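Below you'll find the structure, written out as C-alpha cells, and then a few comments.
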Amino acid sequence: MKRLNKLFSLLLCLGGSLAAGEMKEPAETFVVGTTSGYAPYVSLNSEGEYEGFDIDLSKLVADKLGKRLVIKDLGSMPSLMIGLKQKKIDAIIWAVSITEERQKQIEMIYYQGEKVTSMPLLFWGKVPDNIQKIEDLQNDPKKIICVEAGTYQEQVMRSYPKLALKNVDKITDAIMEIKFGKSLAAAIDHSLVSFAKQQNPEVKVFYFSLPPSQQCLGNGICVNKGNAKLISEVKQAVEELSAEGKILELEKKWKMET
C-alpha cells in the first residue's frame, strides 16, 4: 500500500511538472532591432519602457511565431542594418520604408502604410515664399536640410547633390534643429507629420513630388534574405494579423496618419 501511495505521489509530481512546463515562456527568441525616439512607432514612456505601434506589432508577431520577444535598441538606422547583416538581430521593425534599392539587399515584408509619391519637409513658423520645389533649396549653404542618418529620407535627399544636408540621430533632434534655426528644414516620414504638428504647432509642412524610382511602398519588416524559414513565418504572421484586423486596431490606438 505504501508503494502504491509513493507511486501515486510520484505521478502527481510528474503531472505537475509537465503542466508547469506547458506554462513556461517559449524557449526560442525573436530578436527585433529598433530605436527609440520615433513616436508613434517607437518611444520610451515615463517608466523607461518601450512603447508604440511597432513595439505592439513586434509582440503580436512574436506571439504568432510562438517565440519570446527580445527588443534591442541599436541607436540608429545604420547600426540596425549592420546588426541585421551580422545576425545580431532577427528582424528590424522600425517603420522602415520599402524601396527598390533596399529590396535588393534585404527581404522587406509589408505590414503598414501607403505608397508614398511625395516627401514632406518641415519648416519652423512658415515655409519661405521662394520655396516652390525641392530644387529651390539647392546651391545655398545657408539652406540646410537636416535628415535622420540611414533613412529613406536621407536616400532621397542624397539624390540631390547640390543640397546642403546635415545628419541627425533622431527626429526629435531634427525638430530642435529647425526650431533654433540651426537648419532651415527637416525631411521627415509622412506618418510622423501629424505627430510632429501636434507636439509643435509652429511646424509648417511643404511637400515635394518624388520620381517613380524614389517612391516607397509602405513600411516593411526587414529580414535577411538567406533566412527563408523566418521570412515565410513572418509573412504568414503579418497576413493573419491583417486579416484579423489587429494592424488596423494598432493604427487606431496610436492615431496613425493614413
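The values are calculated or read from the model by the stated rules, or taken from the named source; none is laboratory data. Here the structure is a predicted model, which is why all the values come from computation and not from measurement. Cβ placement follows ideal geometry from the backbone for every residue including glycine, while neighbour counts extend to all protein chains displayed.
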Discussion item. All but one of (1) at pLDDT 95 or above; (2) farther than 30 Å from Thr117 by Cβ; (3) of a type in the set (A, V, I, L, M, F, W, C) hold for Phe8; state the number of the condition that does not hold.
Written reply: (1)
Worksheet item: Within the range 89-110, can you find the residues that are in a loop (DSSP other than H, G, I, E, B) and over 22 Å from Glu49 (Cβ atoms)?
Response: Ile98, Thr99, Ile106
Discussion item. Could you go through the range 39-60 and let me know if any residue there is of a type in the set (A, V, I, L, M), in contact (Cβ under 8 Å) with a residue 40 or more places away in the chain and assigned to a strand (DSSP E or B).
Written reply: yes
Fill in: Residue under evaluation Phe123, criteria (1) at pLDDT 95 or above; (2) within 21 Å of Glu251 (Cβ to Cβ), criterion not met
(2)
Worksheet entry | Residue selected from the range 52-96 under the condition surrounded by fewer than 22 Cβ atoms within 10 Å (Cβ to Cβ) and on the phi > 0 side of the Ramachandran plot, by the criterion modelled with the lowest pLDDT | Gly75
Discussion item. Against the conditions (1) assigned by TED's automatic domain parsing to the domain that holds Gly33; (2) crowded, with 22+ Cβ neighbours inside 10 Å, where does Thr99 fall short? Just the number, please.
Written reply: (2)
Worksheet, complete the sentence: Taking the range 177-208 and the residues there that are within 23 Å of the chain's Cα centre (by Cα) and surrounded by fewer than 17 Cβ atoms within 10 Å (Cβ to Cβ), the one that is nearest to Glu148 (Cα to Cα) would be Val193
Fill in: Residue pairs meeting the criteria (Cβ under 8 Å; at least 6 apart or on separate chains; first surrounded by 14 or more Cβ atoms within 10 Å (Cβ to Cβ), in the range 239-258; second among the basic types (Lys, Arg))
Leu241/Lys64
Practice prompt. Go through the residues of the range 244-251 one by one and say whether even a single one is in a loop (DSSP other than H, G, I, E, B) and out of contact with any Ser or Thr (no Cβ under 9 Å at 6 or more places or on another chain).
Written response: yes
